[in-house]
Every structure is written in C-alpha cells, then in structure tokens.
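Beneath this line is the structure, given in structure tokens, with notes to follow.
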Amino acid sequence: MKKNITCIPGDGIGPEIVTEAKKVLDKVAEVFGHEFVYKDILMGGCSIDACGVPLTDEAIADAKAADAVLMGSIGGNTSTSPWYKLEPSLRPEAGLLKLRKSLNLFANLRPAYLYPQLKDACPLKEATGEKGFDMLIMRELTGGLYFGDRKTEEVDGELVATDILVYRESEIRRIAVRGFDVARKRRKSVISVDKANVLDSSRLWRKVVEEVAKDYPDVTLEHMLVDNCAMQLVKDPSQFDVVLTENMFGDILSDEASMITGSIGMLPSASLNDTSFGLYEPSHGSAPDIAGQNIANPIATILSAAMMLRYSFNLDKEGDAIENAVRKVLEEGYRTVDILPKTEENKFTRTACSEMGDLIAERIVNS
Ligand code: IPM
Ligand code: MG
C-alpha cells in the first residue's frame, strides 16, 4: 500500500519526536511491504519565523492533499517567546486551530491507558496503579469556546474581554455518534461530561446526547458534571471507558487523564473528520525547555503513528506491531527520563529520544 503522509514537525521537541515516528513507520513499511511518502510542512512558530503567519494556505492545501497528517508539537514558552507578543490570531496555536477547522477535524480521540510496566509512575495511590485504567476521551474539536467570536474592548474606562461559547445540535450529535460508536467496540459505557447545572450549551449537549443514546440500547450512558469528573479522574480512573465531552472540557480533562498514566509523554491522539482522513499528534505540547537535547519521549508520537495506520489506512496488524514493540521496550526496562522512576534508576536503562526510536523500530515484526 502506498500512502502520502504530510508531516508537521513544528516547534520545540516536535522535530525530534517526528523523526523517531518516521523511523518506526519506515520499519513498518519495510516489514509489511508498504510505501510511505512524506512531505514536511511548516506550522506554528517556525512558520511565523519563515512566512510571518502560523499556517499558510499552501500548507493547508498540502495537508488536505495527503492521506493523513502526522504532527509533532507547536508553540513556545508563552512568557518568554516573541511569538506571544503577536496578536492572538498570529500566534502558533492559531495555526493548529485553523488547520483543525479547515480540515473539519471535529472528533478528537485521546486514549489514556496505564501501561502495567509504568504503574509505579502513576502519581495516584498504589491501589489505583494496581487496578489500572483504560479510557478514551472523545473531545469535540471544532466548536465551543475555542471557535466562538472573541474580543477585548474598553467599556466605561476598563478593559472587558468576551469569548462566546456556541454549540449547534448538529455539532453535538455528530460527536456523540462517534462516542457511542467507539464505546460499542470497547466496554460499552459512555460518561458524558458537561456543566448542565450552569451552562445552556451544556443543557443542549445533554439533551442531544440522550437522543443519540436511544440508538445505542447496548451502551450505558451516564452524565457527569465537569468539576466532579476532574475529581473522579484522580479518585477512581478505572470507572471511565468513553468520556464524551465538549472542546474546552476535553482539553483540560485530557491533560489530567494523561498525567495519571505516569507521563504526558505516552499519550497519542487522533483528530478525525467524516472521511478516513485524520491528523495524528501526541497529546503533549512542545516542551521548549528540553528541546534539542535528545531527551524527549517520542512514544506518544510513535503511538499516534499507530493510530494513523489503524484509523486512516485500515492497517490494524501494522498498528498492533507498533503497540507491541512499545510494550516490549518498556518490558525490557528502557525509559526516557520522564518515565524513569527517580528512586529505582538502577533497575532501568536511561534511554535517549533517538535510541527509543531505534529500539522500537528494531522490535517491529510481522507476527
Ligand atoms: C491541545 C492543545 C491545543 C488545544 C492548543 C495548542 C491550541 O492544548 O491539543 O490540547 O487547546 O486544543
Ligand atoms: Mg491541551
């Protein structure tokens, strides 16, 4: 199979981790007899520096023309980088939001799974680590507060900032359908997260989710308020299977869910539209403080490549091969610094970013 993949190395650790994901994909191509053709485009701070905007129309066209997009990370230090002195629509993150909207990537899948090998890295009680957890956050990605009109103006001698939160029934329905569909392939439970005790957008969310649930009598539905959900995630994460939620809540809860897996450096994500096209990226950011040191954890990006094989190319066996290879290196005790337990460092092998890519690539087999 021949596939065209547009890559967005981006900023910070982005270029390092995308290099490792390509290394692993190349090994998959070799072992399974496929051809992956890559084209790099600029997005984020590097695009601002080169082209004056965080994402050009040509880059959007290149992304659209591919079979899938593989991304590293974008952005810099928000307190010190000159990119954050620009007006908001010209900052690095605006490029990513524009790309998601232009490609209609409304469904963001963020799995949070505690690898048994990493249970010591879970910051929660030992019993929680023993029990394990495996959830999938289904985050709405092209609506809500991040895409409503916003402005800052002077009213009666002081600054007033407004951000509008809008959800249409159709936007809620299509993400709910995705959530229930994926729940059917998992443990058949959806917890829909909202703030229906305060927000109208959440009350509409709840109503539409309940309508969609009628078509899935085999899947259980529970509603949970977002503040309670934030608490339940650290109290007993094993209660969650599919977490269905709107854009901002999903942004916040997915960082929380990823941290309890031991490191935000482990979690992949897929952003999908109505076709098989998708954008695949780690859930973490660009970590500018460790960029260029070859110490970043490339596993989230490598696992994002596995999601790409599954969701966009229908290559399940190849996706399994990557996930098994990741499990294998963890079992063998290789750890990038973010997942290296401080107290038992001598039990593990401290591994650089590029080495981690080599080790995973070496373990790709067609079994
Ligand atoms: C994420 C990020 C983005 C978001 C930023 C970079 C715009 O935090 O993918 O979670 O808020 O969606
Ligand atoms: Mg985020």
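The values are calculated or read from the model by the stated rules, or taken from the named source; none is laboratory data. These figures come from a predicted structure and were not determined experimentally. Here the Cβ positions follow ideal geometry from the backbone for every residue, glycine too, while neighbour counts run over all protein chains shown. These accessible areas exclude ligands, DNA and RNA; they are computed on the full protein's heavy atoms, side chains included. Shrake-Rupley method; radii C 1.70, N 1.55, O 1.52, S 1.80 Å.
A compact table of results
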item	result
Verdict on Glu93 being of a type in the set (Asp, Glu), in the same structural domain as Ala325 (by TED's automatic domain parsing) and under 30 Å from Glu362 (Cα atoms)	no
Residue match in region 240-252 (condition: within 15 Å of ligand 2 (Cβ to nearest atom), of a type in the set (Ser, Thr, Tyr) and in the same structural domain as Glu16 (by TED's automatic domain parsing))	no
Residue that is within 16 Å of ligand 1 (Cβ to nearest atom) and either without any contact (Cβ under 8 Å) to a residue 40 or more places away in the chain or under 22 Å from the mean Cα position of the chain (by Cα) (or both), where the choices are Leu90, Leu114, Leu118, Leu109	Leu109
Restricting region 129-169 to residues that are touching a helix residue (DSSP H, G or I) at 6+ places or on another chain (Cβ under 7 Å) and either assigned to a strand (DSSP E or B) or assigned by TED's automatic domain parsing to the domain that holds Leu96 (or both), the residue that is farthest from Asp274 (Cα to Cα)	Asp163
Extreme residue, most open to solvent (accessible area, probe 1.4 Å), among residues of region 69-87 that are away from ligand 1 (no atom under 13 Å from the Cβ) and among the β-branched types (Val, Ile, Thr)	Thr80
Selection status of Leu165, modelled with pLDDT of 95 or more and either more than 16 Å from ligand 2 (Cβ to nearest atom) or open to solvent by 10 Å² or more (accessible area, probe 1.4 Å) (or both)	yes
Residue list for region 23-35, filter: touching a strand residue (DSSP E or B) at 6+ places or on another chain (Cβ under 9 Å) and surrounded by fewer than 22 Cβ atoms within 10 Å (Cβ to Cβ)	Asp26, Ala29, His34, Glu35
Tabulated pairs, region 339-356, first acidic (Asp, Glu), second open to solvent by 100 Å² or more (accessible area, probe 1.4 Å), C-beta under 8 angstrom, 6+ apart or interchain	Glu344/Asp120
